[in-house]
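Everything below concerns the one structure shown next.
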Amino acid sequence: MINMGVPEFWMPFATGACFVVPMLVFVFLLASIPPPTAEDRAARTERAPMDARARREFFLTYLPGLLPLTLLYILLTAFRDFRDNFATELWESLGFDQQESAALLAGAEVPVTLGVLGVLALLMFIHDNRKALLWVHVIMLGGTALVGLSTLAYQGGMIGPVAWMTLIGLGLYAAYVPFGCILFDRLIATVGAVATAGFLIYVTDAFGYLGSVVLMLYKDLGNPTLSWLEFFISASYVTSLFCSFGVVVSLFYFRTLTSEHAVAGGVQRLLDVPLK
């Protein structure tokens, strides 16, 4: 829009067009993935579609761990949506004009993307599912803590606005991205249940975007005079505090959960309940 003269209403189309060819290439690669081998099934447990009974029983069986994960995802999604949707207003509140904010918006996300992908890619070298699940929690805890600590450092004058927004993004997405599949894939393999990550992703997403709506209603109706920057700083502390607590609760729950307990208390319960 700024350098190439793309009209505002054609900008989404032009942006999407840049990704058409790469998307087709990677969809082809995904379609070419071979079916799981016996070794894959042994390492990750069998995955099968879940009916309503299986979904209900699975969620209730592991509720002490899944509930804090769902609650913290609500905050993470709301905070992420606010940061992304109002990034221009936030950069302008930090003293940058429209052209500077556009360049910073693109530039600040590059180290965030590379940092998060690099950290999560290291998990592929951890073959033990239980250990990998615990490390996912540690990464998420580090991310949620980084959101609050970087905000504190910015307010204390120890870092500038560009470094602050970059660290906010790094911490936020380090905690948010694992929910896409990594966290639940390792969780299911750890507890030894016959389930799918898709169900858990849908549950957290449904509640997560509800949190985004509530946050916007609060900002627009509950406190409309509060500046974008002040609201973002307050939201950073709230997100960091409560999400860190949620990760710790989930971490301790799944740390004490053994595969034998999961089979006895989870899968066996599914088998004992008659189909209706």
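The values are calculated or read from the model by the stated rules, or taken from the named source; none is laboratory data. None of the values given here were measured: they were computed from a predicted structure. Note that we place each Cβ from the backbone using ideal geometry, even for glycine, and neighbour counts take in every protein chain shown. For the accessible areas, the whole protein counts, side chains as well, though only heavy atoms, and no ligand, DNA or RNA atoms are used. Shrake-Rupley method; radii C 1.70, N 1.55, O 1.52, S 1.80 Å.
Some observations on this one:
- Some residue of the range 218-229 being open to solvent by less than 30 Å² (accessible area, probe 1.4 Å) and not in a helix (DSSP H, G or I): no
- Only listed residue being within 21 Å of Phe184 (Cβ to Cβ) and part of a helix (DSSP H, G or I), chosen from Leu114, Leu141: Leu141
- Scanning the range 152-180 for residues that are open to solvent by 10 Å² or more (accessible area, probe 1.4 Å) and under 17 Å from the mean Cα position of the chain (by Cα) yields Thr166, Leu167, Leu170, Tyr173, Ala174, Tyr176, Val177, Gly180.
- Members of the range 186-204 found to be touching a residue at least 40 places away in the same chain (Cβ under 8 Å), open to solvent by 30 Å² or more (accessible area, probe 1.4 Å) and part of a helix (DSSP H, G or I), listed by number: Phe199
- Search result, residues across the range 186-199 that are farther than 21 Å from Thr144 by Cα and of a type outside the set (Gly, Ala, Ser): Ile188, Thr190, Val191, Val194, Thr196, Phe199
- Residue match in the range 128-139 (condition: under 22 Å from Phe86 (Cα atoms), surrounded by 15 or more Cβ atoms within 10 Å (Cβ to Cβ) and at pLDDT 90 or above): no
- Only one of the numbered conditions (1) open to solvent by less than 60 Å² (accessible area, probe 1.4 Å); (2) more than 14 Å from Cys243 (Cβ to Cβ) is not met by Leu117, and that is (1).
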